[in-house]
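One structure below.
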Amino acid sequence: MRDSWRLAVGTLTAIRVAPPGRVDRSTARGAMLLAPLAVVPLAVVVGLLLWAGGRADVPPLAVALVAIGVLAAGSRALHWDGLSDVADGLTASYDRERSLAVMKSGTAGPAGVVAVVVVLGVQAAALSSYVGSWRHALLAGVLVCLSRCALWLVCAAPVPAARPDGLGVGFTSTIPLPVAVLGGLLLGVLPAVLVVLLVLRCARRFGGVTGDVMGASIEVALAALLVGLSWL
């Protein structure tokens with residue numbers, strides 16, 4: 001459990017932790033299961049920023065953008081990089097190997113930039129409605145944690161890896177199907193449907209999923225969660 005916790009925190013946040021003593025399939029599975037808890041410190045910071053921004057009478061959209069920026073920095077912007085790479089890979093070519101090569105290059109193309117701008121814009125617009133009330137700020141922090149349940153869907157046992165190398169290959173297919181279903185229930189209808197559609201599309205185009213798909217799923221799920229509960 002300790003190794004899984006260290007792997008989860010070290011992979012999903014910028015918080016410094018001791019490296020895990022052992023990394024195998026069991027450790028990776030535990031890390032994915034602990035993913036929602038691993039980002040609690042980041043969720044707390046987001047909630048505090050939203051609450052303090054409202055108390056200071058700062059424009060809600062500005063507070064939301066700062067909170068998203070802090071959240072991105074707290075995860076080394078790894079998920080945003082994944083979203084950009086997936087968008088570029090899906091639009092680069094119908095050839096699987098060419099698409100995977102584009103995703104691995106690390107450069108952001110037009111599709112990747114647009115995807116990041118759109119999803120970030122949706123997140124910021126929705127998150128601005130959570131500014132002020134401590135209850136709303138608390139809810140936003142909870143949603144940050146819940147968005148990591150998207151990993152349970154992407155890493156579900158039936159979903160293969162797109163390639164034999166990369167950051168995500170050790171986590172792929174580690175989550176039992178019942179746990180993945182539970183993750184979908186925790187996310188709710190819209191976020192779960194969007195993540196499943198993303199996984200299916202990537203599996204069809206790339207032959208499976210990568211670490212980039214995992215990162216993209218988190219940002220898409222968070223956007224959907226924030227929009228879905230913004231009416232509160």
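Ranking request for peptides 78-85, 94-101, 188-195: highest mean number of other beta-carbon atoms within 10 Å first, then the rest in descending order.
78-85, 188-195, 94-101
What distance in nm separates the two pseudo spin-label positions at Leu232 and Thr91, each 7 Å out from Cα along the beta-carbon direction?
About 3.3 nm separates the two model spin labels.
Helix hunt in the chain: which complete DSSP H runs extend at least 24 Å axially by C-alpha with mean Kyte-Doolittle at least 1.0?
Values: long enough: 110-127 (25 Å, 2.23); 189-206 (25 Å, 1.88); 211-228 (26 Å, 1.59).
Going by DSSP H runs, the hits are 110-127, 189-206, 211-228.
How large is the Rg to Rh ratio of region 2-228 when both quantities use alpha carbon positions and Rh follows Kirkwood? Show your work: numbers first, answer last.
Values: Rg = 16.9 Å, Rh = 17.5 Å.
My calculation of the ratio gives 0.96.
I need the peptides 198-208, 122-132 ranked by packing, meaning the mean over residues of other C-beta atoms within 10 angstrom, with the highest value on top.
Numbers: 198-208: 18.2, 122-132: 21.9.
Per-residue Cβ counts within 10 Å, averaged per peptide and sorted highest first, yield 122-132, 198-208.
Show me the ranking of peptides 40-47, 225-232 by mean Cβ neighbours inside 10 Å, starting with the highest.
Descending packing order for the listed peptides: 40-47, 225-232.
Rounded to the nearest 500, what is the chain's calculated 222 nm mean residue ellipticity when only DSSP H runs of at least 4 contribute -39500 (n - 2.57) each, over all residues?
-22000 deg cm²/dmol
Between region 22-85 and region 188-223, what is the C-alpha centre distance in whole Å?
Computed from Cα coordinates, the inter-centre distance equals 18 Å.
Evaluate the distance, in nm, between pseudo-label points positioned 7 Å from the Cα of Arg55 and of Val17 along their respective Cα→Cβ axes.
So the two model labels end up 2.9 nm from each other.
Throughout, read-outs are computed from the coordinates displayed, never taken from laboratory work. None of the values given here were measured: they were computed from a predicted structure. Note: ideal-geometry Cβ built from the backbone for every residue, glycine included; neighbour counts use all protein chains shown.
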